[in-house]
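Some notes on the structure that comes next.
The values are calculated or read from the model by the stated rules, or taken from the named source; none is laboratory data. Bear in mind the structure is a predicted one, so any value in this text is a computation, not a measurement. Glycine also receives a Cβ, built like all others from the backbone with ideal geometry; neighbour counts cover every protein chain displayed. Heavy atoms of the whole protein, side chains included, go into the accessibility calculation; ligands, DNA and RNA do not. Shrake-Rupley method; radii C 1.70, N 1.55, O 1.52, S 1.80 Å.
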Amino acid sequence: MALRFEILGRFNRARAAQLTLPHFVCQTPLFMPVGTQGTIKGLATNQLEEIGCQIILGNTYHLALRPTSELIDELGGLHKFMNWPRALLTDSGGFQMVSLLHLADITEKGVTFQSPVDGKPMLLTPEESIQIQSRIGADIIMALDDVVRTTITGPRIEEAMYRTLRWIDRCIAAHKRPHEQNLFGIVQGGLDPVLRDICVKGLVDRNLPGYAIGGLAGGEDKDSFWRVVAQCTAALPEDKPRYVMGVGYPLDIVVCSALGADMYDCVYPTRTARFGTALVPEGVLKLKHRAMADDIRPIDPTCECMVCKNYTRAYIHCLVTKDAMGSQLLSYHNLYYMMKLSRDLNSSIIQGQFPEFVCKFLQKMFPKGDVPEWVCNAMEVAGIDISSCCAPFTTSQD
């Protein structure tokens, strides 16, 4: 395997680690911004380095369509192609089974997509997914899994879980660069604890470099969400990284980190920026609101990012949704916020201050003490006392 995972600090289930990859030494917990086609919309790679991004996620399905993995390989791999010296992770293309289901047909052989570029059918098999990711050249590559929305019930969930286990063996057999790229398996099984357990055991038996928890953040209720994360993190190996796919809300990341997860990715911070919304310790700030028109404060007075040091809310209000500069500035700020959250999680665990960090985070986000019940339940399982920032008998599920 081409990674080293060294735990540097713990608090109960939470852990801070050093993840050494071929292109970068990363500190966990960490958030990975999504650069679907080899770019984080509106930001240059030197800006991403400046704000502390450690790993960027690329999308196998989209890169294979355009500019094609063959061209990327010819030009020296995605690191060189996009001028990114740090780590990269590529997904397998499996998520498009859910997001583009009207274009996809799933069989044991693989997934047939109708190309949104030219309408031609495109078969993505486990072997082809690994070959494409090999050409792209990311530090971490994901196994092709059979992805089903968590809101679906019945035999399709079980079928997808067992197919995911069959496909992991095909991915392992097709993986020809284990000393340069790390193949992660993905735990499926919907909201069924029995199926999740079977999948975890099956993947752990394959002794992979790392493991992802898939099939979440797709519309399930938060109580089900955290329980699946808690179950999987408890059963996955201590000495391997654990990646919760598709999670990008700051609150969710804090909860999942308390439960023992290490890595996260989501389009949320940059997508919400393009709609004029900034991430702040209190939650979100909507810059499109009329009240922002003459507000001369920075987005977040406590933030040290270039945007908060140089621009007012009033200025960004003039730009949002009208000028590309608005979404660029908000994307920069939002990713800075996510990187600082990652650093704060890491340092608070190492310094033995994690419960204090969690309480301060929750007090800022829920100053009235109305911490959602699911958060209280998850923190209880994580062994973190948040009673000082919770009002009694809280029932909010948001």
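Condition (residue is open to solvent by 40 Å² or more (accessible area, probe 1.4 Å), in a loop (DSSP other than H, G, I, E, B), touching a strand residue (DSSP E or B) at 6+ places or on another chain (Cβ under 9 Å) and at negative phi) applied to region 108-115: is it met by at least one residue?
Yes; the residues of region 108-115 include at least one that is open to solvent by 40 Å² or more (accessible area, probe 1.4 Å), in a loop (DSSP other than H, G, I, E, B), touching a strand residue (DSSP E or B) at 6+ places or on another chain (Cβ under 9 Å) and at negative phi.
How many residues are free of Cβ contacts under 8 Å to residues at least 60 places away in the same chain and touching an Asp or Glu at 6+ places or on another chain (Cβ under 9 Å) when one looks only at region 266-286?
The total comes to 4.
Taking the condition farther than 30 Å from VAL254 by Cβ and either in contact (Cβ under 8 Å) with a residue 60 or more places away in the chain or acidic (Asp, Glu) (or both), does HIS179 pass?
yes
Among what's in region 312-351 and is open to solvent by 40 Å² or more (accessible area, probe 1.4 Å) and in a loop (DSSP other than H, G, I, E, B), pick the residue that is nearest to GLU50 (Cα to Cα).
The qualifying residue nearest to GLU50 (Cα to Cα) is THR312.
For region 231-241, enumerate the residues that are open to solvent by 10 Å² or more (accessible area, probe 1.4 Å) and outside any loop (DSSP other than H, G, I, E, B).
Result: GLN231, ALA234, ALA235.
Kindly establish whether GLY52 is at pLDDT below 95 and open to solvent by 10 Å² or more (accessible area, probe 1.4 Å).
no
Does GLN131 qualify as being farther than 23 Å from LEU19 by Cα and over 21 Å from the mean Cα position of the chain (by Cα)?
The answer is yes for GLN131.
Give me a count of the residues in region 15-63 that are under 20 Å from SER257 (Cβ atoms) and charged (D, E, K, R).
Adding up the residues that qualify gives 1.
Just to be sure I understand, how many residues within region 209-228 are surrounded by 23 or more Cβ atoms within 10 Å (Cβ to Cβ), in contact with a helix residue (DSSP H, G or I) (Cβ under 7 Å, 6 or more places away or on another chain) and over 20 Å from ARG156 (Cβ atoms)?
Count: 2.
Kindly indicate which of GLY218, GLY248 is part of a loop (DSSP other than H, G, I, E, B), at pLDDT below 95 and not acidic (Asp, Glu).
Details: GLY248 fails: at pLDDT below 95.
Checking each option against the conditions leaves just GLY218.
So if I check each of ARG242, ARG290, ARG227, ARG271, which one is in contact with a Gly (Cβ under 7 Å, 6 or more places away or on another chain), among the basic types (Lys, Arg) and modelled with pLDDT of 95 or more?
Within the list ARG242, ARG290, ARG227, ARG271, the selection yields ARG242.
Is it the case that some residue within region 358-369 is part of a helix (DSSP H, G or I), surrounded by 14 or more Cβ atoms within 10 Å (Cβ to Cβ), modelled with pLDDT under 95 and not small (Gly, Ala, Ser)?
no
Are there any pairs with C-beta distances below 8 angstrom linking a residue in region 65-84 that is under 12 Å from ARG135 (Cα atoms) to a residue that is of a type in the set (Lys, Arg) and part of a helix (DSSP H, G or I), with the two at least 6 apart or on different chains, and if so which?
Hits for this filter: SER69/ARG135; GLU70/ARG135; ILE72/ARG135; ASP73/ARG135; GLY77/ARG135.
Restricting attention to region 129-143, does a residue exist that is closer than 25 Å to PHE225 by Cβ and part of a loop (DSSP other than H, G, I, E, B)?
Pass one, region 129-143, residues closer than 25 Å to PHE225 by Cβ: 140, 142-143.
Right, trim to part of a loop (DSSP other than H, G, I, E, B) and you get 143.
Taking every residue of region 129-143 in turn, at least one turns out to be closer than 25 Å to PHE225 by Cβ and part of a loop (DSSP other than H, G, I, E, B).
Tell me, yes or no, whether region 149-158 has at least one residue that is touching a helix residue (DSSP H, G or I) at 6+ places or on another chain (Cβ under 8 Å), at pLDDT below 95 and not in a helix (DSSP H, G or I).
Checking region 149-158: at least one residue is touching a helix residue (DSSP H, G or I) at 6+ places or on another chain (Cβ under 8 Å), at pLDDT below 95 and not in a helix (DSSP H, G or I).
Looking at region 255-269 only, could you name the residues that are open to solvent by less than 10 Å² (accessible area, probe 1.4 Å) and not in a loop (DSSP other than H, G, I, E, B)?
Across region 255-269, the qualifying residues are VAL255, CYS256, SER257, ALA258, MET263, TYR264, PRO269.
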